[in-house]
Amino acid sequence: MEILLLGNEQLRQKAERIKTIDGEIKSLAEDLLDMMRRGKGIGLAGPQVGRALRIFVVHVDKDTPRVFINPSIIETSTETVKYEEGCLSVPGIWADVLRPKTVRVQAWNEKGRPFNLEAGGILARAILHEYDHLEGVLFVDRLPEHKRDWAMKKFEKSRPHVKGKPPQG
Ligand SMILES: [Zn+2]
């Protein structure tokens with residue numbers, strides 16, 4: 001399993017609902033957590049590793065690792081906040097993204113237990129960023145046009161050898 005990069009069409013598909021939270025899903029959650037840690041990220045979603053399923057993991061500072069399966073965004077605050085984001089699928093690019101300040105989400109964990117969570121700060125941001133991956137949306141899509149052009153050019157320039165191809169090594 002490897003992390004797919006911007007330009008890979010699999011990142012643009014809408015992920016499918018998970019029908020049964022079984023051992024396979026549990027081990028996918030573990031793999032996602034493992035790859036997220038190795039990449040020094042704070043979140044990773046199924047589509048980023050070529051599994052078009054509605055699952056993502058998040059682990060922010062001073063919190064426990066969390067697994068979200070078939071998440072629903074119940075509510076987001078009208079108040080928005082700008083914060084710098086990066087993405088394991090868009091390495092080397094960081095940019096300010098405007099998002100709701102808080103989010104209320106409902107999901108199932110890897111044990112098949114449903115939960116509700118109200119989050120703010122970095123946790124809310126990570127949840128919204130990862131949820132976007134399930135919809136085929138990347139953080140660069142949320143940038144103002146001039147900033148998005150800058151990000152795309154910078155990304156392509158930094159990896160001309162992998163443009164349009166799966167990541168190497
Ligand atoms: Zn991402």
message: Being at pLDDT 95 or above, closer than 20 Å to Glu135 by Cα and either touching a His at 6+ places or on another chain (Cβ under 8 Å) or crowded, with 18+ Cβ neighbours inside 10 Å (or both) is the requirement here; does Gly86 meet it?
response: no
query: Restricting attention to the range 115-129, does a residue exist that is within 16 Å of the ligand (Cβ to nearest atom), at pLDDT 95 or above, under 16 Å from Asn8 (Cα atoms) and out of contact with any Gly (no Cβ under 9 Å at 6 or more places or on another chain)?
result: no
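Listed here are the residues, each with its yes/no results for (1) touching a strand residue (DSSP E or B) at 6+ places or on another chain (Cβ under 7 Å); (2) closer than 19 Å to Arg125 by Cβ.
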| site | (1), (2) |
| --- | --- |
| Arg12 | no, no |
| Glu16 | yes, no |
| Ile21 | yes, no |
| Gly43 | yes, yes |
| Pro47 | no, yes |
| Arg66 | yes, yes |
| Ile73 | yes, yes |
query: Do the conditions hold for Thr102, that is, is it β-branched (Val, Ile, Thr), touching a Ser or Thr at 6+ places or on another chain (Cβ under 8 Å) and in contact (Cβ under 8 Å) with a residue 40 or more places away in the chain?
result: no
- prompt: Does Ile25 fit the bill of being away from the ligand (no atom under 15 Å from the Cβ), in a helix (DSSP H, G or I), farther than 24 Å from Lys153 by Cα and touching a residue at least 40 places away in the same chain (Cβ under 8 Å)?
  reply: yes
- request: Scan the range 117-141 and report the pairs whose first residue is free of Cβ contacts under 8 Å to residues at least 60 places away in the same chain and whose second residue is away from the ligand (no atom under 11 Å from the Cβ) and assigned to a helix (DSSP H, G or I), with Cβ atoms within less than 7 Å and a gap of 6+ or a chain change.
  value: Ala119/Ile127
statement: Per the list (1) within 16 Å of the ligand (Cβ to nearest atom); (2) over 30 Å from Arg159 (Cβ atoms), residue check on Phe68 breaks on (2)
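So which of Gly41, Gly92 ends up being over 19 Å from Arg142 (Cα atoms), within 15 Å of the ligand (Cβ to nearest atom) and in contact (Cβ under 8 Å) with a residue 40 or more places away in the chain?
Gly41
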query: Is it the case that Gly41 is surrounded by 15 or more Cβ atoms within 10 Å (Cβ to Cβ), out of contact with any His (no Cβ under 7 Å at 6 or more places or on another chain) and over 14 Å from Leu134 (Cβ atoms)?
result: yes
task: For Arg104, work out the one condition from (1) in contact with a Leu (Cβ under 8 Å, 6 or more places away or on another chain); (2) basic (Lys, Arg); (3) not in a strand (DSSP E or B) it doesn't fulfil.
output: (3)
field: Count of residues meeting criterion [in a loop (DSSP other than H, G, I, E, B) and under 17 Å from Trp108 (Cα atoms)] in the range 53-71
entry: 4
query: Any residue in the range 3-12 that is assigned to a loop (DSSP other than H, G, I, E, B), without any contact (Cβ under 8 Å) to a residue 12 or more places away in the chain and either in contact with an Asp or Glu (Cβ under 9 Å, 6 or more places away or on another chain) or at positive phi (or both)?
result: no
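The values are calculated or read from the model by the stated rules, or taken from the named source; none is laboratory data. Predicted model, so just to flag it, every value in this text is computed and none were measured. Cβ: placed from backbone, ideal geometry, glycine included. Neighbour counts: every protein chain shown.
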